[in-house]
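For reference, the structure is listed below as structure tokens.
The values are calculated or read from the model by the stated rules, or taken from the named source; none is laboratory data. Note that the structure is predicted; figures quoted are calculated from it, not measured. Positions of Cβ are generated from backbone atoms using ideal geometry, with glycine treated the same way; all protein chains shown enter the neighbour counts. For the accessible areas, the whole protein counts, side chains as well, though only heavy atoms, and no ligand, DNA or RNA atoms are used. Shrake-Rupley method; radii C 1.70, N 1.55, O 1.52, S 1.80 Å.
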Amino acid sequence: MLFSLTRRLLFLLPPEVAHDFSMATLDGAQKLGLMRFRPDPIEAPVELMGLRFRNRVGLAAGLDKNADHIGGLEALGFGFLEVGTITPRPQPGNDRPRLFRLPENQALINRMGFNNKGVDHLLEQLDNQPRPGIPIGINIGKNRDTPNHQALTDYRYCLEAVYDVADYVTINLSSPNTPGLRQLQEGQALQGLVNGLMQTRAALADKTDRYVPVLVKVAPDIDPIPLTELADTLLEAGVDGIIATNTTLDRQGVAGIKHANESGGLSGQPLTAKSTDVVQRLRSHIGKQCILIAAGGIVTAKDAVDKVNAGADLVQIYTGLIYQGPSLISQSASALANMPCETRRSPSK
Ligand SMILES: Cc1cc2nc3c(=O)[nH]c(=O)nc-3n(C[C@H](O)[C@H](O)[C@H](O)COP(=O)(O)O)c2cc1C
């Protein structure tokens, strides 16, 4: 009731202004101690990748790109947070408008283009805020002006920079808004990149005596055969998990809707089935070999349950939070609390 009124008011504002306003309000409430009046987070812990997740519902990357709001977001009841995508150097992203609401479909289209304040800013933020009691994943990318053949340099730079403070690191190869990025999900480009990053991770693990799991985030717009090849390459390289999925370029289900023809990635309800299908195909191909985190169109607790039934260990939400509010977190976390969760491969170090 309260959220539906707040949402109506927020939706009178342009989407990015509403986002900034909501985050500022969250920070203010956190600083004033008002978040303690929120219901307690759902405690339904699971251990995966050597980490303890408070519950199985996390924040998907992109909402807190710079780790500016982790205290308030933790207080909303998430089981874990993924911040980023962060790039080595700050960059402004695409011109505005670059974020569009499709309320009839509980969907968003975004072409933000990795707007972020750069990895140094993120590290400062993590240093200056109290460490949250839940895992923090850091999602890394490459700068727009770095050509694909030099992508490894950017990803390696970020991996080395965040290694000490990340609970896990996500290699984002699937944003549709950085030209050519998704080509890194294919063939030799993928092999070279993930093998290089796994070597870097091994060296960092030796040096620090701490093993940080590395996951790769994939697009939903991949045909079945390339998807299994992608999974094989990731497993051979030794990644710990896959996040499926990022936003889609597909406009099925939104034809004729206002903003449907805007370029960028579509998220929310029109993505649900497509992304659950990717989770299911990945799980049936890889068996229990690695962690799967499902993101894409979770707008009800049932959608979260469907993702776990399809083979996900954990889930993440973004667009559902905008349309349903924070109650979606506790509802989903409660619904998943009693579902079996097999701890799959543990860290090798
Ligand atoms: C405005 C916006 C910005 C996003 N930025 C990122 C990002 O920087 N990195 C990333 O890996 N995913 C990003 N995503 C994708 C989400 O993390 C998520 O994978 C996708 O939206 C599907 O989940 P959803 O339907 O719950 O939103 C973004 C999504 C939105 C809507």
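The set of residues from the stretch 148-170 being open to solvent by less than 50 Å² (accessible area, probe 1.4 Å) and assigned to a loop (DSSP other than H, G, I, E, B) comprises Tyr163, Val165, Ala166, Asp167.
Taken over the stretch 171-184, the criterion of being open to solvent by less than 40 Å² (accessible area, probe 1.4 Å) and away from the ligand (no atom under 15 Å from the Cβ) is satisfied by Gly180 alone. Checking each residue in the stretch 52-82 for being touching a Gly at 6+ places or on another chain (Cβ under 8 Å) and under 18 Å from Leu34 (Cβ atoms) picks out Glu74, Phe78.
Could you pull out the residue among Ala244, Ala231, Ala237, Ala255 that is within 20 Å of Asn177 (Cα to Cα) and either open to solvent by less than 20 Å² (accessible area, probe 1.4 Å) or out of contact with any His (no Cβ under 7 Å at 6 or more places or on another chain) (or both)? If you could, list the steps in order and put the result at the bottom.
Working: Ala231 fails: within 20 Å of Asn177 (Cα to Cα); Ala237 fails: within 20 Å of Asn177 (Cα to Cα); Ala255 fails: within 20 Å of Asn177 (Cα to Cα).
Answer to the check: Ala244.
Tell me, please, whether a residue that is of a type in the set (Gly, Ala, Ser), modelled with pLDDT under 95 and assigned to a helix (DSSP H, G or I) can be found in the stretch 180-187. Yes, the stretch 180-187 has at least one match.
Kindly provide the set of residues from the stretch 83-98 that are surrounded by fewer than 21 Cβ atoms within 10 Å (Cβ to Cβ), part of a strand (DSSP E or B) and near the ligand (Cβ under 9 Å from one of its atoms), ordered by number. If you could, list the steps in order and put the result at the bottom.
Restricting attention to the stretch 83-98, the residues satisfying the condition of being surrounded by fewer than 21 Cβ atoms within 10 Å (Cβ to Cβ) are 88-98.
Cutting the leftovers down to part of a strand (DSSP E or B) gives us 91.
Across the stretch 83-98, there are no qualifying residues.
How many of the residues making up the stretch 64-80 are outside any loop (DSSP other than H, G, I, E, B) and open to solvent by 10 Å² or more (accessible area, probe 1.4 Å)? Total meeting the criteria: 3. For the stretch 114-134, a residue qualifies if it is closer than 16 Å to Asp167 by Cβ and more than 16 Å from the ligand (Cβ to nearest atom), and the qualifying residues are Leu123, Leu126, Asp127, Gln129, Pro130, Arg131, Pro132, Gly133, Ile134.
The residues of the stretch 118-139 that are on the phi < 0 side of the Ramachandran plot, surrounded by fewer than 19 Cβ atoms within 10 Å (Cβ to Cβ) and assigned to a loop (DSSP other than H, G, I, E, B), listed by number, are Gln129, Pro130, Arg131, Pro132, Gly133. For Asp240, the conditions (1) among the acidic types (Asp, Glu); (2) within 19 Å of the chain's Cα centre (by Cα); (3) over 26 Å from Leu123 (Cα atoms) all hold with the exception of (3). For first residues located in the stretch 130-149 and farther than 30 Å from Arg56 by Cβ, partners that are open to solvent by 50 Å² or more (accessible area, probe 1.4 Å) and lie 6+ apart or on another chain with Cβ distances below 6 Å form the pairs Asn143/Arg89. The set of residues in the stretch 15-58 being open to solvent by less than 30 Å² (accessible area, probe 1.4 Å) and in contact with a helix residue (DSSP H, G or I) (Cβ under 6 Å, 6 or more places away or on another chain) consists of Ala18, Leu26, Ala29, Met35, Ala44, Asn55, Arg56, Val57. Of all residue pairs spaced 6 or more apart or on separate chains, those with beta-carbon atoms under 6 Å, a first member in the stretch 200-223 that is in a helix (DSSP H, G or I) and a second member that is more than 16 Å from the ligand (Cβ to nearest atom) are Thr200/Arg156; Leu204/Tyr163; Ala205/Tyr211; Ala205/Lys349.
Listed by position, the strands (runs of 3 or more DSSP E) enclosed by the stretch 9-63 that each have at least 2 residues that are away from the ligand (no atom under 16 Å from the Cβ) are 46-48, 51-53.
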